[in-house]
Each structure stands twice: as structure tokens, then as C-alpha cells.
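S.K.: Quick one: structure below, then a few questions.
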Amino acid sequence: MVYDAALPEAPGWDWFDPAWWHAQGKLQAAAGGRGGVAFLDAPIGACVLRHFRRGGLVAPLLGDRYLWRGRARSRGFAEFALLAELRRRALPVPAPIAARCVRRGLYYTADLVTRAIENTGTLAETIAAGRLDAELAGRVGGLVARFHAAGVDHADLNAHNILVARGGLWLIDFDRGEIRATGTAWKLANLARLKRSLLKVGACKGDESALDREVWAPLMRGYGQVFGTDG
């Protein structure tokens, strides 16, 4: 286990068990999906517990098991370290609290606890509520550009991993993310993934031509402004 050394006391392994939090009356909510997510009323404030699970074709076979390739490369530890570095760079990401991996032979399971970003909704929820406009799209583009300017490759950039708050935007879920020194192909891949996600969640009612005009064009203007390429 690793944890934030600035915590008033070290978290125990119980912190990674939703049933333990439920028994304390401190489990606020739980969500399904690929990574089982629980929202906690922890002693240090609101937190999020995520249990790593596989997606794609191998999910039915391996579920939440990953091949052991060393402690530093385990999913929870790697994301903990990346989040700590991004926080150091003043990028809007959740603060990492604790991570663990449990090795069983050739495989391991992983968990991560982060501070919750309160009073937010996902960009997908904002779209569903009909509140995505050109101004917000531009700010989303600017958010993505800030991370790209810092060399941050988000492996799953989509409308569910962008949080919209009154005070700004946040990016979450950096599983398999990394900091790259150079290159542009990965940036284009991030943007393409985001565009597909916007269509999938119903932006402009799935009309790609309307999306290009009403959302993607202002989004890319916001993106370009960070790099000084937009007039």
C-alpha cells in the first residue's frame, strides 16, 4: 500500500473495502460500471474508492485480475504516482489518498482512493441536461490542451471523465495514463476519442455535422488558444 504522507494518520486496508465503510455508515453511494466506484464519507472528507476492473474482450476471462509486472507498474500505484505528479504541476485532477495492490501468484488486484471533487457533474450529464454550449465547449478544449501542453496522455478521454463544476473543469480516471516527452499522434488519438464520446452520449443528438459546427469548432478554438494557434 502507498498513501499520502501528509495525512493525519495512515489509512488501513479497511479503507479499500466498501463493506467496511457501509458497516460504519460512511458509504454514501456505489456505482457499477467497469471500475467499481464507491463514494465515501472518510475522516479526511469526501473520497472516492475505485476497484480496478478490466474492460474489453478479456473482461469475462480475467475480471479484476492483472498480470503482475512489478509494484510500480501495478494499476493503482501507477495512477497514484501520476496523480501526485499532476497535482504538483497544478493541473485539475483529484488528489490521490491511497492505493494498494494484492498479489496472488501471477496476478494482482488493485484499488485507489482519491479525494472527491464535490458539487460536480460529468460532461455527459451536462450534455444529457442540454447545457453544453459553445462557451463550455471552448473551456473543455482549453482543459484538454492544458494537459497536452504538459505532455499528459489520458488513455480514456471521454465525456464521463470530464467533470463540470461552478469553479472550473476537472479531469479524472488516469488509469493507463502517462506523461510523454514528445509526439502528436497520441494527442490526436485523445481528441478523436473525445469526439466519439460526445457523439455517443448524444451531443447535438448524435448529428456529426451539427457537432462539428456547434461543439467541435469552439472546442478546438479553445484548444488552440492554449497553444497560441487560434486567431
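The values are calculated or read from the model by the stated rules, or taken from the named source; none is laboratory data. These figures come from a predicted structure and were not determined experimentally. Neighbour counts are summed over all protein chains in view; Cβ atoms, including those assigned to glycine, are modelled from backbone coordinates with ideal geometry.
S.K.: Being surrounded by fewer than 20 Cβ atoms within 10 Å (Cβ to Cβ), outside the structural domain of Asp41 (by TED's automatic domain parsing) and more than 22 Å from Ala192 (Cα to Cα) is true for just one of Ala95, Ala129. Which residue is that?
M.R.: Checking each option against the conditions leaves just Ala129.
S.K.: Search region 1-19 for residues being in a helix (DSSP H, G or I) and touching a Leu at 6+ places or on another chain (Cβ under 9 Å), and hand back the single one that is nearest to Gly45 (Cα to Cα). Talk me through it step by step, then tell me what you get.
M.R.: Initial filter on region 1-19 (in a helix (DSSP H, G or I)): 13-16, 18-19.
After this cut, where a residue has to be touching a Leu at 6+ places or on another chain (Cβ under 9 Å) as well, the list is 15-16, 18-19.
Working: Trp15: 13, Phe16: 15, Pro18: 16, Ala19: 18 Å.
Here the residue is Trp15.
S.K.: Tell me which residues, restricted to region 181-207, are of a type in the set (D, E, K, R), more than 17 Å from Glu125 (Cα to Cα) and either surrounded by 14 or more Cβ atoms within 10 Å (Cβ to Cβ) or in the same structural domain as Val48 (by TED's automatic domain parsing) (or both).
M.R.: If the condition is that a residue be of a type in the set (D, E, K, R), more than 17 Å from Glu125 (Cα to Cα) and either surrounded by 14 or more Cβ atoms within 10 Å (Cβ to Cβ) or in the same structural domain as Val48 (by TED's automatic domain parsing) (or both), then Lys187, Arg193 are the ones that fit.
S.K.: Hey, any hits in region 17-34 for a residue that's over 30 Å from Val140 (Cβ atoms) and of a type in the set (Phe, Trp, Tyr)?
M.R.: yes
S.K.: Quick check, is Val102 aliphatic (A, V, I, L, M), under 22 Å from Val2 (Cβ atoms) and at pLDDT 95 or above?
M.R.: yes
S.K.: Another question, if that's okay. I'd like the full set of residues that are within 21 Å of Arg176 (Cα to Cα) and free of Cβ contacts under 8 Å to residues at least 40 places away in the same chain, limited to region 105-142.
M.R.: Hit for region 105-142 is Leu106, nothing else.
S.K.: What number goes with the only condition from (1) modelled with pLDDT under 95; (2) in a strand (DSSP E or B); (3) hydrophobic (A, V, I, L, M, F, W, C) that Ala72 does not pass?
M.R.: Result: Ala72 fails condition (2) only.
S.K.: Go through region 133-150 and report how many residues are of a type in the set (D, E, K, R) and within 16 Å of the chain's Cα centre (by Cα).
M.R.: Here the count works out to 1.
S.K.: Has region 43-50 got any residue that is within 14 Å of Ala110 (Cβ to Cβ) and touching a residue at least 40 places away in the same chain (Cβ under 8 Å)?
M.R.: Yes; the residues of region 43-50 include at least one that is within 14 Å of Ala110 (Cβ to Cβ) and touching a residue at least 40 places away in the same chain (Cβ under 8 Å).
S.K.: Would you check if Leu143 is over 29 Å from Arg54 (Cα atoms), touching a strand residue (DSSP E or B) at 6+ places or on another chain (Cβ under 8 Å) and either assigned to a loop (DSSP other than H, G, I, E, B) or not basic (Lys, Arg) (or both)?
M.R.: Values: over 29 Å from Arg54 (Cα atoms): no; touching a strand residue (DSSP E or B) at 6+ places or on another chain (Cβ under 8 Å): yes; either assigned to a loop (DSSP other than H, G, I, E, B) or not basic (Lys, Arg) (or both): yes.
No: the conditions fail for Leu143.
S.K.: Which pairs turn up if I take residues in region 1-13 that are of a type in the set (Phe, Trp, Tyr) and look for partners that are buried (at least 16 other Cβ atoms within 10 Å of the Cβ) with beta carbon separation below 6 Å, at least 6 apart in sequence or on another chain?
M.R.: Tyr3/Pro11; Tyr3/Ala98
S.K.: For Phe80, state whether it is within 18 Å of Leu171 (Cα to Cα) and either touching a helix residue (DSSP H, G or I) at 6+ places or on another chain (Cβ under 9 Å) or surrounded by 20 or more Cβ atoms within 10 Å (Cβ to Cβ) (or both).
M.R.: yes
S.K.: Check whether at least one residue in region 98-114 is outside any strand (DSSP E or B), surrounded by 12 or more Cβ atoms within 10 Å (Cβ to Cβ) and of a type outside the set (Val, Ile, Thr), and report yes or no.
M.R.: No, because not a single residue in region 98-114 is outside any strand (DSSP E or B), surrounded by 12 or more Cβ atoms within 10 Å (Cβ to Cβ) and of a type outside the set (Val, Ile, Thr).
S.K.: So which of Leu169, Leu143 is within 18 Å of Phe227 (Cα to Cα), outside the structural domain of Val93 (by TED's automatic domain parsing) and surrounded by 18 or more Cβ atoms within 10 Å (Cβ to Cβ)?
M.R.: Result: Leu143 is the single residue among Leu169, Leu143 that is within 18 Å of Phe227 (Cα to Cα), outside the structural domain of Val93 (by TED's automatic domain parsing) and surrounded by 18 or more Cβ atoms within 10 Å (Cβ to Cβ).
S.K.: Which of the residues spanning region 47-66 are hydrophobic (A, V, I, L, M, F, W, C) and either surrounded by 19 or more Cβ atoms within 10 Å (Cβ to Cβ) or at pLDDT 95 or above (or both)?
M.R.: Scanning region 47-66 gives Cys47, Val48, Leu49, Phe52.
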